[in-house]
1. Return a yes/no flag: does region 125-146 have any residue that is surrounded by 15 or more Cβ atoms within 10 Å (Cβ to Cβ), modelled with pLDDT of 75 or more and closer than 30 Å to residue 60 by Cα.
2. Go through (1) of a type outside the set (Ser, Thr, Tyr); (2) more than 19 Å from the chain's Cα centre (by Cα); (3) surrounded by 12 or more Cβ atoms within 10 Å (Cβ to Cβ); (4) in a helix (DSSP H, G or I) and name the single condition residue 84 misses.
3. Residues of region 108-119 being closer than 13 Å to residue 33 by Cβ and open to solvent by 50 Å² or more (accessible area, probe 1.4 Å), which ones?
4. Scan region 18-30 residue by residue and report those that are open to solvent by less than 90 Å² (accessible area, probe 1.4 Å) and free of Cβ contacts under 8 Å to residues at least 12 places away in the same chain.
5. Among the candidates 43, 57, 84, 47, single out the residue that is modelled with pLDDT under 90, out of contact with any Gly (no Cβ under 6 Å at 6 or more places or on another chain) and small (Gly, Ala, Ser).
Amino acid sequence: MTTGAPTPTYPARPRRSRMRTFLPLAIAAWLVLEIWLLTVVAGAASGFAVFLLLVAGFVLGSVVIKRAGRRAFQNLNEALQRGGAPSDSGSGGNGLMMLGGLLLMLPGLISDAVGLLLLIPPVQKAVARYAERTFDRKLRAAAPGTLGDAFQQARMHRPDGKVVQGEVIRDDRPEQGDATRPPLTG
């Protein structure tokens, strides 16, 4: 028996993006390939040689991450001393250097090779240009009212880092006899 209420219609499920479909498959294939390559190299050389390669990659990756982080922190301090925002020219490759160091720290020979490639400055510049173009294209394609649109607006209206001098004026000034609030002196 029906009550006369319409049956609810459920909206169609949104289409799943290609990234969400193929990323897990790509990660699984990468892991299988890493393990297979480690066993092949261990069979050709020795297990101890593979162990030394993995430890050397971990140590080199930690040194690279530490150096890139220190350089980024120094660039930030210098920019703050000047009173401006950090420039992209001095710290552009620090993120990619850290990513390269992280890939070196991961156990595996393919990740080590990709990490070493990311430490080469021309490769860093090419990857940075590609990532920036992709990010700009995605922002331009974002529909109004989405999170991408908010990022685009924030990016267009970002402050240039200048300090504006001003004065604080309080409407609720204490009367002469009221000593409950200390004066605002700097």
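The values are calculated or read from the model by the stated rules, or taken from the named source; none is laboratory data. Fair warning: this is a prediction, and the values are worked out from it, not measured in the lab. Every residue, glycine as well, gets a Cβ built from its backbone with ideal geometry; the counts of neighbours run over all protein chains shown. With ligands, DNA and RNA removed, areas are computed over all heavy atoms of the protein, side chains included. Shrake-Rupley method; radii C 1.70, N 1.55, O 1.52, S 1.80 Å.
1. Yes, region 125-146 has at least one match.
2. It fails just one condition, (4).
3. Result: 113, 114.
4. 21, 23, 24, 26, 27, 28, 29
5. 47
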